[in-house]
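Enquirer: Please see the structure below; I have some questions.
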Amino acid sequence: MEAHKAFSGIQSAKRDFKKPFEHEIGDIGRDAGIHAQSFKSNLAAAEAALTAYLAESEQRLFDAIGDTLARARVVESSAAVLSRQAHSYLSDPTDDMIAASVIEDALRRQDDQMAFFSEDADFGQPSLVDAMRAAGIERFNDINACLAWVEKAA
């Protein structure tokens, strides 16, 4: 979900970037000069390419999420995790619940190789990294290092 949230922000910024194109295309349409018409045509082509790029990027994200969901394991949370009785790794309640759920699940699956990836600096707090390591989880904040670990573990 974090990937989708981040992607939504990026897409919103690109849509904002597109607005001046649309405005210029409308304004320049009143100028009959050959260069103005050529410029308008190029702006319209750039706007169409940006629209196609946004749609393609969104489809790739949804495809990646679908692929991940098809291979992902559901991590169920216990009542203790949900009530925050047994832990307090992070100050943000949502991040804390994610961390506690992952650790609790890992402790039930000691024979599996497990990794956790997040670029969120909160998940790099030493006490949480230590708790993950104790549960048998390799924690990554760099996607290339995580992918190298996945390839090596396969």
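Enquirer: If the requirement is being β-branched (Val, Ile, Thr) and surrounded by fewer than 13 Cβ atoms within 10 Å (Cβ to Cβ), which of these qualifies: VAL102, VAL74, VAL81?
Expert: VAL74
Enquirer: Please work out which one of (1) without any contact (Cβ under 8 Å) to a residue 60 or more places away in the chain; (2) more than 25 Å from ALA154 (Cα to Cα) is the condition ASP112 fails and give its number.
Expert: The one condition ASP112 does not meet is (2).
Enquirer: Does region 33-42 contain at least one residue that is farther than 26 Å from ILE10 by Cα, of a type outside the set (S, T, N, Q), in the same structural domain as GLY9 (by TED's automatic domain parsing) and not in a helix (DSSP H, G or I)?
Expert: The answer is yes, given that some residue of region 33-42 is farther than 26 Å from ILE10 by Cα, of a type outside the set (S, T, N, Q), in the same structural domain as GLY9 (by TED's automatic domain parsing) and not in a helix (DSSP H, G or I).
Enquirer: Moving on to the next point. How about region 46-91: which of its residues are part of a loop (DSSP other than H, G, I, E, B) and either aliphatic (A, V, I, L, M) or within 24 Å of ALA13 (Cβ to Cβ) (or both)?
Expert: Residues satisfying the conditions are ALA72, VAL74, VAL75, ALA86, LEU90.
The values are calculated or read from the model by the stated rules, or taken from the named source; none is laboratory data. This is a predicted model, so every value here is computed, not measured. Every residue, glycine among them, receives a Cβ derived from its backbone with ideal geometry; neighbour counts consider all protein chains shown.
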